[in-house]
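The structure appears right after this line, and notes come after that.
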Amino acid sequence: MKVLVPVKRVIDYNVKARVKADQTGVDLANVKMSMNPFCEIAVEEAVRLKEKGVATEIVAVSIGPAQAQETLRTALAMGADRAILVQTDQDLEPLAVAKVLKALIAEESPELVLMGKQAIDGDNNATGQMLSTLLDWPQATFASELVVEGGKAKVTREVDGGLQTLEVNLPAVVTADLRLNEPRYASLPNIMKAKKKPLDVKELASLGVDTAPRLKVVKVTEPAKRSAGIKVETAADIVSNLKTAGVF
Amino acid sequence: MAVLVIADHDNASLKDNTHKVVTAALAVSGDVDVLVAGTNTAAVGAEAAKIAGVRKVLTAESAELGQGIAEAVGDLIVGLMGGYDAVLIPATSQGKNFSPRVAAKLDVAQISEVIEVVSADTFVRPIYAGNALETVQSADAKKVLTVRPTAFKAAGEGGSASVESVSAPGGQAKVHFIDQQIVKSARPDLGAAKIVVSGGRAMGSAEEFQKVIEPLADKLGAAVGASRAAVDAGYAPNDYQVGQTGKVVAPELYIAIGISGAIQHLAGMKDSKIIVAINKDGDAPIFQVADFGLVADYKTAVPELMSALTAAGK
């Protein structure tokens with residue numbers, strides 16, 4: 001079974017995003033970039049499927065600038081077999097990403113698309129569901145457990161207040177939630193090996209997909225700062241302050 | 001232009017999130033209808049009809065809608081969108097599951113986690129876990145929004161909308177519901193709790209976490225949260241995690257115990273109304289967002305806080 005894993009290069013989750021002074025976006029110059037944490041979980045799950053003998057090939061895909069090759073090398077070092085970069089400097093909306101992935105899937109014919117539930121930059125939580133809709137493949141989002149067997153995927157999903165289990169026919173789109181697994185760190189030998197694995201670069205325009213933005217970003221601003229609080233001397237002071245503030 | 005709100009409910013009763021999304025919808029249009037999709041929709045629909053400002057309630061009933069199968073809910077909404085210019089969906093796990101399907105079928109953008117309606121086509125939404133706010137204007141003919149309920153006041157009661165049933169879409173052959181386990185915890189859900197008590201790496205062990213954090217949470221009727229550091233160290237289960245890669249919460253009161261306040265944790269809780277922090281390091285970043293900070297070892301401070309709460313009648 002071939003598994004396709006889309007991955008996104010985003011600002012590292014430990015770095016604070018800073019809004020540009022001209023309010024056009026978030027300043028990404030000279031900021032540490034990493035693989036989106038939820039994408040990392042998806043790669044890890046794909047590698048585990050391969051280790052179990054369920055998956056035969058893992059293709060990692062990224063849509064982004066030339067530097068996204070580094071993100072794909074990380075996926076290769078974790079255990080993906082080959083990678084495809086759809087190169088563009090345009091910042092694509094989830095609908096456009098889903099359309100580009102659909103075009104790649106037509107060429108690659110995977111049986112499973114395993115991807116993060118959300119990227120921590122745009123925070124949309126939409127691409128997987130959109131891709132499933134465009135492909136008319138079933139979806140199983142927010143997965144915390146995945147078992148692939150007999151042409152089906154049994155997926156335990158994180159839902160409001162608990163867990164839900166669905167069985168979906170393959171091919172399907174599964175999106176990873178936090179509890180699915182703990183991604184491994186790539187070992188040095190695997191990082192070296194990853195440098196020799198195939199990485200194809202395609203130009204976005206070559207896919208013939210309409211990726212024009214649907215939303216106009218009017219401005220990007222900083223959220224209101226919290227006003228500085230006070231330090232109190234004792235635990236009892238906390239309670240009396242909370243009383244005054246009307247919490248109790 | 002009319003807009004449609006998708007009700008949040010558990011097939012037994014309507015959830016308050018619906019009232020909050022109605023408030024957002026009324027900022028978009030005066031003609032707001034509510035769709036109740038699921039089972040037991042007569043009872044839930046009757047509750048929705050009482051929300052002030054609602055014009056009409058639509059109900060659709062099937063087992064798959066009751067199970068929240070995204071394909072079924074998405075198809076239902078897409079079929080209704082001929083009569084609406086926008087659909088507003090609560091940004092719950094359930095809402096986020098089917099909402100992008102509606103947008104993809106209509107070939108429009110989804111505007112996710114809206115926290116402010118500027119005008120009928122312009123909305124504010126948090127990005128980068130709330131570290132930036134993006135104002136976007138949509139040129140799409142129909143708009144698909146998910147709405148963060150905590151950002152809006154609940155619409156009042158007193159309405160008397162008509163209730164009309166609509167037919168549910170056919171079955172989904174490729175998706176099979178197996179089961180659902182909703183945790184019957186005595187504690188409130190972390191995402192919806194009015195008070196959250198969270199512990200950090202300073203706890204040092206899972207036993208200590210349980211001994212310190214849980215009794216305080218129970219005394220306050222609070223949900224329990226944890227920092228990523230505490231989760232990574234195995235002191236608390238992963239679904240307790242508050243932060244950029246965990247849950248984003250905005251309770252009335254957030255109490256952080258032994259949490260230093262890493263960026264990724266602050267991203268998940270800084271919209272809380274009141275933040276209390278107890279940490280022995282006076283320079284910890286958590287104090288920069290705390291309304292009331294106590295520089296002390298939690299080992300002495302938490303028992304003192306417990307007795308102060310008892311003395312205050314909690």
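Before moving on, here are some points about what is shown:
- In Å, descending, principal axis extents of the Cα set of the stretch B:1-94: 32, 25, 22
- Label separation (A:Glu222 vs A:Arg48): 4.0 nm, computed from points 7 Å beyond Cα along the C-beta direction.
- Between B:Gln137, B:Gln94, B:Gln288, the GNM of chain B built on Cα springs shorter than 10 angstrom shows B:Gln288 fluctuating the most.
- The residues B:Asp8, B:Asp16, when put in order of fewest to most other Cβ atoms within 10 Å, stand as B:Asp16, B:Asp8.
- A cut-off under 9 angstrom between Cβ atoms defines the neighbours of A:Thr211, and their net charge, with Lys, Arg +1 and Asp, Glu -1, is -1.
- Arranged from fewest to most other beta-carbon atoms within 10 Å of their beta carbon, B:Thr310, B:Thr122, A:Thr127 become B:Thr310, B:Thr122, A:Thr127.
- Within the listed set B:Pro215, B:Pro126, B:Pro303, the Gaussian network model of chain B (springs between alpha-carbon atoms below 10 Å) gives the highest mean-square fluctuation for B:Pro303.
- Magnitude of the charge dipole for the protein assembly as shown, about its Cα centre and with charges confined to Cβ atoms of Lys, Arg (+1) and Asp, Glu (-1), is about 720 debye.
- The spread of Cα positions in the stretch A:41-139, taken along each principal axis and listed from longest to shortest, comes to 35, 32, 26 Å.
- Sequence-distant residues sharing a close amide H with B:Val5 (under 5 Å, placed H): B:Asp33, B:Val34, B:Leu35, B:Leu88
- B:Ala139/B:Lys219 FRET efficiency (R0 51 Å; Cβ-Cβ; nearest 0.05): 0.50
- Over chain B, the hull volume per residue, using the convex hull of the C-alpha atoms, is 143 Å³.
- For the stretch B:168-314, the relative contact order works out to 20 percent when only alpha carbon pairs closer than 8 Å and six or more residues apart are counted.
- Whether the stretch B:1-42 is rounded, prolate or oblate, judged on the alpha carbon gyration tensor where a/c under 1.5 counts as rounded: oblate
- Summing +1 for each Lys or Arg and -1 for each Asp or Glu among the other residues whose beta-carbon sits under 13 angstrom from that of A:Trp137 gives +1.
- Straight-distance crosslink candidates among lysines, where the alpha carbon sits under 18 Å from B:Lys273 and sequence neighbours closer than 8 are dropped: A:Lys225, A:Lys231, A:Lys243, B:Lys20, B:Lys153, B:Lys194, B:Lys247
- Over the stretch B:124-220: Rg over Rh, Cα atoms, Kirkwood Rh: 1.08
- Solvent-free Debye scattering, log10 I(q)/I(0), computed from the Cα coordinates of the stretch B:41-120 at q = 0.15, 0.19 Å⁻¹: -0.61, -1.00
- Measure of compaction for the stretch B:220-314 (Cα Rg per 2.2 N^0.38 Å): 1.04
- Once you reduce the stretch A:14-42 and the stretch B:3-24 to the center of their Cα atoms, the two points are 33 Å from each other.
- Extended-chain gain in nm, criterion 0.36 nm per residue less alpha-carbon gap, B:Asp10 and B:Ser167: 54.6 nm
- Here A:Asp237 and A:Ser109 are evaluated by their C-beta separation; at R0 = 51 Å the FRET efficiency comes out at 0.20.
- Each label point was placed 7 Å from the Cα along the Cα-to-Cβ direction; for A:Lys32 and B:Gln210 their separation is 3.4 nm.
- Cα lying deepest toward the dipole's positive end in chain B, options B:Ile77, B:Thr23, B:Gly95, charges on Cβ: B:Thr23
- Mean-position separation - Cα centroids, the stretch B:203-231 and the stretch B:26-44, in angstrom: 38 Å
- Note that the protein assembly as shown, at 20 °C in a medium of 1.002 mPa s, gets a Stokes-Einstein diffusion coefficient of 88 µm²/s from its Kirkwood radius over C-alpha pairs.
- Residue by residue, the stretch A:142-158 carries 3J(HN,Hα) couplings of 6, 6, 10, 7, 9, 10, 10, 7, x, x, 9, 10, 9, 10, 8, 10, 7 Hz when phi is fed to the Karplus relation 6.51 cos²θ - 1.76 cosθ + 1.60 (θ = phi - 60°); x denotes Gly or Pro.
- Residues of the stretch A:216-248 with an amide N closer than 18 Å to a point placed 7 Å from the Cα of B:Glu252 along the Cα-to-Cβ direction: A:238-248.
- For the stretch B:184-259, the relative contact order is 44 percent, taking Cα pairs closer than 8 Å that sit 6 or more residues apart in sequence and dividing their mean separation by the residue count.
- Amide H contacts under 5 Å for B:Asp140: none, restricted to partners 5 or more places along the chain or on a different chain, H placed in the peptide plane at 1.01 Å from N.
- Amide hydrogen proximity for A:Arg157: with H placed 1.01 Å from N in the peptide plane, the residues at 5 or more positions away or on another chain lying under 5 Å are A:Ser144, A:Gln164, A:Thr165, A:Leu166.
- Partner aspartates and glutamates for B:Lys105 [C-alpha distance under 18 Å; skip if fewer than 8 residues away on the same chain]: A:Glu93, A:Asp136, A:Asp210, B:Glu71, B:Asp75, B:Asp85, B:Asp140
- Antiparallel %, DSSP beta bridges [both residues in chain A], to 5: 40 percent
- Taking the number of Cβ atoms within 10 Å of each Cβ as an exposure proxy, the fewest-first ranking of A:Thr56, A:Thr156, A:Thr133 is A:Thr56, A:Thr156, A:Thr133.
- From helices alone, chain A scores -8000 deg cm²/dmol at 222 nm; the rule is -39500 (n - 2.57) for each run of n ≥ 4 DSSP H residues, then divide by the residue total.
- Part-to-part distance (alpha-carbon centres) for the stretch A:220-241 and the stretch A:128-188, which is given in Å: 40 Å
- Sequence-ordered 3J(HN,Hα) estimates for the stretch A:33-43 from the Karplus curve with 6.51, -1.76 and 1.60 and θ = phi - 60° stand at 10, 9, 6, 3, x, 6, 5, 4, 5, 5, 4 Hz, glycine and proline given as x.
- Each Cα pair under 8 Å and six or more residues apart adds its separation to the average, and for the stretch B:1-51 the resulting relative contact order is 46 percent.
- Residue-wise HN-Hα coupling along the stretch A:171-176, computed from phi with Karplus coefficients 6.51, -1.76, 1.60 (Hz; x: Gly, Pro): x, 8, 10, 10, 10, 8
- Local electrostatic count, B:Asn131, Cβ distance below 12 Å [Lys/Arg +1, Asp/Glu -1]: -2
- GNM remark for chain A: springs join alpha carbons under 10 Å apart, and the peak mean-square fluctuation among A:Gly25, A:Gly122, A:Gly150 falls on A:Gly150.
Every number here is computed from the coordinates shown, using simple stated rules; none is lab data. Note that the structure is predicted; figures quoted are calculated from it, not measured. In this analysis, Cβ positions are derived from the backbone assuming ideal geometry, glycine residues included, and neighbour counts consider all displayed protein chains.
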